[in-house]
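First the structure, in the form of C-alpha cells, and then the observations on it.
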Amino acid sequence: MYIIILVGFLFYILAFPGESVGAASIGLNLWYENMLPTLLPFSILSYILIHSGILDSCASAAHRLLGKIFPISSAGLYPLIAGLLFGFPMGSKITADLVQSGKMSREEGQRLFCACNNISPMFVGSFILAQSLNRPELRLATYLILYVPPLALYMVWNRNRHFKAPSGSVPKKAASMNLQLIDAGIMNGFETLAKLGGYIILFAILAQMTTMLPISDPLIKCLLIGFTEITNGISYTARQGLDFTLAYPLMVSFTAFGGLSGFAQTASMVKDSKLSMLPYLQMKLAGTAISFGLALLLTKGMAQ
C-alpha cells in the first residue's frame with residue numbers, strides 16, 4: 001500500500017507539475033499564514049509550562065472544582081482546555097508530552113487525547129461559517145454540535161474511572177525558569193510545526209489528486225476530498241452550490257472527523273508516547289456521526 005501511494009504521488013507530480021505546485025502552495029500558505037503564527041507560540045509556551053513546573057500548581061487548584069464533575073486528573077485539565085480553545089493538534093501533543101514526562105498515566109493519556117484533539121473555534125467561526133457558508137449567526141450552535149459530542153463520549157467512556165498521577169511519577173518541584181528550558185521549548189515548537197507543515201503539504205497534493213478522479217457525482221467528490229483534507233474539502237463543497245441543508249452537515253462532519261491529514265498529524269504527535277490510534281479513530285467516527293446528525297436536525301428545523 002505504501003509503495004502504491006508513493007508511486008502515485010511521484011507519477012502525479014511528474015505528470016501534473018502545475019497542479020502539484022499549486023496544491024503545495026495552498027498547503028504551504030495555510031501552514032504559514034494560519035498554523036505557524038497561532039500554534040508556534042502556544043507550542044513553545046506549553047513545553048515551558050509542562051517542564052518548568054508552573055503548570056502543576058495551577059492545574060491542582062482548578063482540579064479541586066472541575067475534577068468533581070469530570071473524570072480527569074489535574075494534569076489532564078490543561079490539554080483538555082487547550083485542545084478545545086486552541087485547536088488541533090495541540091490537544092494530542094500536550095497529552096503526549098505529559099505522558100512522556102511522567103505527569104499523566106498512559107491509560108488517561110490514551111483516553112484523553114481522543115476527546116481533546118479538535119479543530120479550533122477560530123477556524124470554525126471564520127473559515128467555515130463566515131467565509132464558506134456566510135452564516136456567522138450559527139457560531140454558537142455549531143460550537144455545541146462539534147465540541148459537546150466528544151466531551152459527552154469521553155464522560156460516558158470514563159464514567160466509573162478516577163484518574164490520578166501515575167505511581168512513580170516525577171515528584172513535584174518548585175517552578176523554575178531558565179534560558180536552557182526556553183531554548184528547548186523553541187526547538188520543540190519548531191520541530192512540531194515543521195512536521196505539521198510537511199503533512200499539510202502532502203495531503204494538500206493528495207486532495208488535489210482527488211479532484212481529478214473521474215467521478216461525476218459532486219456529493220461523492222465532496223466526501224472524498226473533505227475526508228482527505230478538511231480545508232480543501234470545505235472550499236470544494238462551498239463551490240459546488242449545494243443546498244445549505246446538505247452543505248452545512250457535510251462541512252460539520254469533515255470538521256468533526258479532521259480528515260486523513262489530521263489523523264496522520266495526530267499519529268505523528270503521539271508516536272513517541274506509544275498511544276494507540278485505534279481508540280482515537282473510533283472516537284472520531286462516533287463523534288462525526290453524532291455531529292452530522294445534529295447538524296442535519298438543525299438545518300431541517302431551520303427549513304420548517
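The values are calculated or read from the model by the stated rules, or taken from the named source; none is laboratory data. Computed from a predicted model, the values in this text were never measured in an experiment. A quick note on method: Cβ atoms are made from the backbone with ideal geometry, for glycine too, and the neighbour counts reach across all protein chains shown.
A few comments on the model shown:
- Unmet criterion (only one of (1) without any contact (Cβ under 8 Å) to a residue 12 or more places away in the chain; (2) more than 23 Å from Pro279 (Cα to Cα)) for Val124: (1)
- Any hit, region 129-146, residues being outside any helix (DSSP H, G or I), touching a residue at least 60 places away in the same chain (Cβ under 8 Å) and within 16 Å of the chain's Cα centre (by Cα): no
- Condition check for Leu140: touching a Phe, Trp or Tyr at 6+ places or on another chain (Cβ under 7 Å) and modelled with pLDDT of 80 or more: no
So that you can scan it fast, the table gives a plain yes or no per residue for (1) surrounded by fewer than 24 Cβ atoms within 10 Å (Cβ to Cβ); (2) of a type outside the set (A, V, I, L, M, F, W, C):
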site: Gln240; (1), (2): yes, yes
site: Leu246; (1), (2): yes, no
site: Leu250; (1), (2): yes, no
site: Ala264; (1), (2): yes, no
site: Ser268; (1), (2): yes, yes
site: Gln282; (1), (2): yes, yes
site: Ala295; (1), (2): no, no
site: Thr299; (1), (2): yes, yes
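- Region 253-304, residues that are of a type in the set (Lys, Arg) and free of Cβ contacts under 8 Å to residues at least 12 places away in the same chain: Lys271
- Filtered residues of region 284-293 (kept if within 14 Å of the chain's Cα centre (by Cα) and buried (at least 17 other Cβ atoms within 10 Å of the Cβ)): Lys284, Gly287, Thr288
- The helices (runs of 4 or more DSSP H) found wholly in region 237-304 and carrying at least 2 residues that are within 22 Å of Glu107 (Cα to Cα) and small (Gly, Ala, Ser) occupy 259-270, 278-303.
- Top-ranked residue of region 22-38 - restricted to ones that are within 19 Å of Thr228 (Cβ to Cβ) and among the hydrophobic types (A, V, I, L, M, F, W, C), ranked as surrounded by the most Cβ atoms within 10 Å (Cβ to Cβ): Ala23
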